[in-house]
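Notes follow the structure.
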Amino acid sequence: MAERSFAREVEDLRLGNGDTFRGEGILAITKALLQSGVAYVGGYQGSPISHLMDVLADAKDVLDDLGVVFQSSANEAAAAAMLSASVMYPLRGAVAWKSTVGTNVASDALANLASGGVTGGTMIIVGEDYGEGSSIMQERTHAFAMKSQMWLLDPRPEHECIVNLIEKGFELSEVSNTPVMLEVRVRACHMHGSFACKDNVRPAHTIKDALNNPKRDVGRIVLPPAAYEHEQEKIRTRMPAAIGFIRDNKLNEYMGPKQGKVGIIMQGGMYNNVIRALQYLGLSDAYGNTQIPLYIMNVTYPVIDAEVAEFCLDKDAVLIVEEGQPEYLEQAINTVLRRKDIQARVHGKDVLPMGGDYTAQVLLGGVREFLEKTEPRLLGNRPPAPDATPVLNHPAVEKLKQVVPARPPGLCTGCPERPIFAAMKLVEEELGQHHVSADIGCHLFSILPPFNIGATTMGFGLGPASTSAFNVKADKRSIAVMGDGGFWHNGLTSGIGNAVFNKHDGVFVIVDNYYTSATGGQDILSSRAINKRRKTNNSIVQAVKGIGGQWVRQLDRTYDVGKMRDTLKEALTTKEEGPKVIVASSECMLNKQRRVKPQISKAIKDGTRVVKERFGVDEDVCTGDHACIRLSGCPSLSVKQLDDPLRDDPVAAIDNSCVGCGNCGEVSEAAVLCPSFYRADVIHNPTRWDMFKSKVAMSVIGWLQRRRDRRRPALEALA
Amino acid sequence: MRDETVRLALPAAGEATERPISIAIVAMGGQGGGVLTDWIVQLAENHGWVAQSTSVPGVAQRTGATIYYIEAMPPLDGRKPILSLMPTPGDVDVVMAAEFMEAGRSILRGLVTPDRTTLIASNHRSFAIGEKIAPGNGIADGGAVTGAIGIAAKTEIIFDLNALAIAHGSVISAAMFGALAGAGVLPFSRDSYLDVIRKGGKGAKASVETFEAAFERVKAGPTELAAPAKAKPVDNIASSATPDPQLGELVARLNQELPEPALGMARAGLRKVIDFQDVAYGGEYLDILKTLHAADRNAGGGAHAYAFTETAAKYLANAMTYDDVIRVADLKTRAGRRARIESELEMSNGQVLQTTEFMHPRMEEVMGMLPAGFGRWLGARPRLLGWLDRRVNRGRRVRTYSLPWFLALYVVGGMRGLRRRSLRHAVETAHRDSWLKAATEAVGTNYQLGVEILQCRRLVKGYSDTHSRGLSKFDRTLAAIKLVERREDAADWARRLREAALKDSAGTALDGVIQTIKTFA
């Protein structure tokens, strides 16, 4: 498993009645699953839900005690397909992933699941990676819920509310035989909060019970005529059942005064920021005591027509606060009101932006405009709202815009992927630029400075597949990069298998760093660690060969830049046909340091001989051209200004965060850069032989140095 | 809007219309912002407050800019406050920046406003990739941040929190927590902060010490905005005990022949040149400088504070001390060099140091050391040269402080005697002469252009390919200057060309300026 321990978080999962949970939102969700009596959990890691997977992977004892099955799924499709356990059996199950990317992958299974319907409660927890800090395309999960008819929960960002909705969500799923999606945004997942715990619940029916008593019903399988029946069931039975349950259990909330000429309808997730915006306008206090009626949709699909109608009936206008586009809720509510001939005017995207985060600031503007249009009296004497524009318009701050540098994410200090891209850069200098398809993972940072390598990214594990059109004889070959995570997620078949079958001539680089590093260092099939609960150490090379790859090269030390470069050159120029696959393997440095650092400290403490390596730059040899940095971008390789009037430009410098990976030396050697780099080996607890050798050498060296120094002119006169 | 609406009294919405205390921590991934956030949340919760923190680690976890946000407020009659998930511009009480440019970024985001915000920022720099990869000096101007802080912050607490943390064996988060306590913006006692840290277990002692140091530093009063004092670098210019009479003469000549404004630079230049070769070479330096100064005087340099001479003193020294194998070997074998590495590594007595150099000599470097005539003869025989290159041209890992390798470097480092007759010296001298000729010709008609041409020498640096690229940029720049030399604004164009050449390594920006020049010249 990842070199990080989640033992403390696992303790949180053991809390019971009377305890208070304090921690991250995503952990609260994990705990809520156990309180809901799930029989199985699966999923695929990725921000913002990685923590759920990490903690459950470390929580073997807790899960075993409860009889809960946990799987690290191969990908989101596998996770979604896992939910089929709830089709025939009254088993509660949950899966989690990053959305919308994970939902895209899972869609096939989800659509089948939603068509046949479920017996046991099923919950799909999607980390809605939307807005600032997101790492993916800006889309809404809402569309998936609607197209397959799965209920979509969007709870207020408060632990108590989220936990409660998960428990209710399982009931809702069972009552309506429909899978339920729980949408939590990035900040809500990473939000610190608290809730009053309940005891964990053992599943009433276990996976074992189901296996021992198999059931089948051809009516649940998606094949005509059952498929047509499913559609009718969705409309006639499941939807009404869901609506009934949501109303009876008051999953959606009304807040504020009963009466009012205007009101606000919102997704649950928008609640906190709406309250803050109202507070700025003097229409609420900090505790949510609002003067404007609010209708909070903790369930955003289905829309409960009767509730919407009731809320809008006596109002002149309502504002719909719905983040992202298209404006599904606004359309749905308009339809409701038109059908029922209710005259309340509907505002939404006319006063709020179509896309982007609905921050308190954005909402402040939107709500104010809404009220100015509909009920300006409410704005009263317009107390001053926070406003940074005078500061931002000040010339000194304006000037700052040109100064503050962009700070894109990059590869970590000592990252084993850096030398791969340095080698690609060197090959580019020799053989010219190539079409490079990038993939999802840490290696995607290659598209940013200093490497600027990679033309497209089409999804996780799809780097190789996205070169498939470039399968013609030409002067140059395409290059595809894919990580080990993407390889096992689907790249083995979609990328390598596809290239083998279609006799693709391109180059395929598989970056193997022993973990799915970008998502936090989870184990995968080819991880090198021994993991008692999983079968690791499955070779990528064997898999590639097994699927028909002929030209396969394994590099066991990516830091060997020269070899990396030569292998790439060979792959780009060899006459051999078919895909040229290079598997470049070295351990993720972040995880390696977590593993090795304590061991080294302990060894030094215990008096064992340890050689610690670090790189350095001779500042008087360095000419300050920064060519080395353009081939590296390592955080520990920086620049410093020398106190020398003869020098204009800062020289390269390596700070003490250097882990001695060797890339600097390898690159300056392979690229024939300059001789200013050196590796310093410090021997801790040296042996007597070490000491003796050094002493002898240094006494001769010292004598030579003094001899030469005596012959130099005394330059003090010029100091 | 009707007039009466404006005059309407606004009744208070409830008992507590005030907002929670809001704290934004702006940092780079990996700076420990998460730990600091947890501490502040714990601190507030220990006082019975409701605290909420959010963050967006995402891809920013790796060196990217990121932001942590905390809101905290006491509950009211058992009711929890509704807390926002992101900071609102103009509504943040405390901004804590773990790096100076990040402080600037927080101002640009509108998080720092004069009516409300206490800005606690470390003024140390961690350079962004864009600042590091420029072939010239790409470092952003910290003064602009200082200026903006004065405008934007209500209270500012600015000092090198990072250095303070390192000095106390801890990380910046502990220093920031101490500065927060010292700032006194939260209604919590110093001891309650310490309680939070002490519960941290591992590393708590160093954290407490760092906390206390930062706390005292803030309490001690006005915080300076100046950059932290630079540590004096360990000098690697060797010196002997015996004063040299010839050197004394040179110093006297320097003081006598050169104008006052150029003296400082000339002294530094002379020092570098002598250190590179010998005292006689220093004499050569002064000879050339004297000629250039004469041209300066003729061009009316007095009115320009002899900028031409001063600039020449700088770049001539750099041109004369080209980076050859002898120089590198000499620098690597000096006593001061090892001392510097040992101090950088903070080595203690019981440890043993060895260093490995990454050398990649090519036949070009070897040829450069040969006598000029022989070198040229060899240069005219590409097949022989290729055969030799295959034997020389490969990476060599040199164990500096093993006797055989040290001796080899030592011998090479002592080959100064061969230098003046070498091919490299001949090439460098010819290049230098034509450069100085161009500058001298220019200075007579356009003083500033002469100075600019001298400064173009800055483009030549690096080794092997980088060096050739630098030379080619230098040549292209001088050729382009030639096109505009008769224009009045020639000096401006020269400066523009040089700045463009330093922007990127490929020379794209330079080509752009050259194209522009060609449209009118």
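The values are calculated or read from the model by the stated rules, or taken from the named source; none is laboratory data. All values reported here derive from a predicted model rather than from experimental measurement. Ideal geometry is used to build each Cβ from the backbone, glycine not excepted, and the neighbour counts take in all protein chains shown.
Can you run down the residue pairs with Cβ atoms below 9 Å, 6 or more apart or on separate chains, where the first is in region A:641-661 and facing chain B (nearest Cβ under 9 Å) and hydrophobic (A, V, I, L, M, F, W, C) and the partner is outside any loop (DSSP other than H, G, I, E, B) and surrounded by fewer than 16 Cβ atoms within 10 Å (Cβ to Cβ)? Once the first residue is facing chain B (nearest Cβ under 9 Å) and hydrophobic (A, V, I, L, M, F, W, C) and sits in region A:641-661, no partner that is outside any loop (DSSP other than H, G, I, E, B) and surrounded by fewer than 16 Cβ atoms within 10 Å (Cβ to Cβ) comes close enough. The lone criterion from (1) at pLDDT 95 or above; (2) in contact with a Ser or Thr (Cβ under 8 Å, 6 or more places away or on another chain); (3) surrounded by fewer than 24 Cβ atoms within 10 Å (Cβ to Cβ) left unmet by A:S135 is number (1).
Is there a residue in region A:315-326 that is closer than 22 Å to A:P179 by Cβ and modelled with pLDDT of 95 or more? If you could, list the steps in order and put the result at the bottom.
Let us first name the residues in region A:315-326 that are closer than 22 Å to A:P179 by Cβ, namely A:324.
Next, only the ones that are modelled with pLDDT of 95 or more stay: A:324.
So far as region A:315-326 goes, yes, one or more of its residues are closer than 22 Å to A:P179 by Cβ and modelled with pLDDT of 95 or more.
Residues considered: A:I292, A:I296. Of these, the only one that is within 30 Å of A:S173 (Cα to Cα), within 14 Å of another protein chain (Cβ to nearest Cβ) and either in a strand (DSSP E or B) or touching a residue at least 24 places away in the same chain (Cβ under 8 Å) (or both) is A:I296.
Residue-wise test of (1) at pLDDT 95 or above; (2) outside any loop (DSSP other than H, G, I, E, B).
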| residue | (1), (2) |
| --- | --- |
| A:D12 | no, yes |
| A:I29 | yes, yes |
| A:L33 | yes, yes |
| A:V38 | yes, no |
| A:V55 | no, yes |
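Can we say B:E364 is surrounded by fewer than 21 Cβ atoms within 10 Å (Cβ to Cβ) and touching a residue at least 60 places away in the same chain (Cβ under 8 Å)? Answer is yes for this residue. Hey, could you check region B:19-44 for residues that are out of contact with any His (no Cβ under 7 Å at 6 or more places or on another chain), within 10 Å of chain A (Cβ to nearest Cβ) and closer than 14 Å to A:E24 by Cα and say which is surrounded by the most Cβ atoms within 10 Å (Cβ to Cβ)? If we take residues in region B:19-44 being out of contact with any His (no Cβ under 7 Å at 6 or more places or on another chain), within 10 Å of chain A (Cβ to nearest Cβ) and closer than 14 Å to A:E24 by Cα, then B:T37 is surrounded by the most Cβ atoms within 10 Å (Cβ to Cβ). In region A:709-718, which residue that is within 59 Å of the chain's Cα centre (by Cα) and crowded, with 17+ Cβ neighbours inside 10 Å is modelled with the highest pLDDT? Result: A:L715. For region A:445-489, residues that are among the charged types (D, E, K, R) and within 15 Å of A:V581 (Cα to Cα) total 2. A single member of B:L270, B:L289 is within 11 Å of another protein chain (Cβ to nearest Cβ) and either modelled with pLDDT of 95 or more or outside any loop (DSSP other than H, G, I, E, B) (or both), and it is B:L270.
For region A:367-380, filtered to residues that are touching a residue at least 40 places away in the same chain (Cβ under 8 Å) and either in contact with a helix residue (DSSP H, G or I) (Cβ under 8 Å, 6 or more places away or on another chain) or at the interface with chain B (Cβ under 7 Å from one of its Cβ atoms) (or both), the residue that is nearest to A:I292 (Cα to Cα) is A:L378. Evaluated against (1) part of a loop (DSSP other than H, G, I, E, B); (2) small (G, A, S); (3) surrounded by fewer than 22 Cβ atoms within 10 Å (Cβ to Cβ); (4) facing chain B (nearest Cβ under 7 Å), A:G633 falls short on exactly one condition, (3). Elements of the type helices (runs of 4 or more DSSP H) sitting completely within region A:169-282 and holding at least 2 residues that are out of contact with any strand residue (DSSP E or B) (no Cβ under 8 Å at 6 or more places or on another chain): these cover A:207-212, A:226-233, A:239-248, A:271-280.
Across region B:175-199, the number of residues qualifying as touching a residue at least 60 places away in the same chain (Cβ under 8 Å) and over 12 Å from B:L43 (Cβ atoms) comes to 4. Checked across region A:488-509, the condition of being under 30 Å from B:G130 (Cβ atoms) and under 27 Å from the mean Cα position of the chain (by Cα) holds for at least one residue. State whether one or more residues within region A:515-522 are modelled with pLDDT under 95, aromatic (F, W, Y), closer than 30 Å to A:S134 by Cα and buried (at least 22 other Cβ atoms within 10 Å of the Cβ). Checked region A:515-522: at least one residue is modelled with pLDDT under 95, aromatic (F, W, Y), closer than 30 Å to A:S134 by Cα and buried (at least 22 other Cβ atoms within 10 Å of the Cβ).
When only residues in region B:133-166 that are aliphatic (A, V, I, L, M) and not in a helix (DSSP H, G or I) count, which is farthest from A:Q641 (Cα to Cα)? Here the answer is B:A153. Anything in region B:62-86 that is within 18 Å of A:C189 (Cβ to Cβ) and either over 41 Å from the mean Cα position of the chain (by Cα) or assigned to a loop (DSSP other than H, G, I, E, B) (or both)? List them, or say none. Correct list: B:L83, B:S84, B:L85, B:M86.
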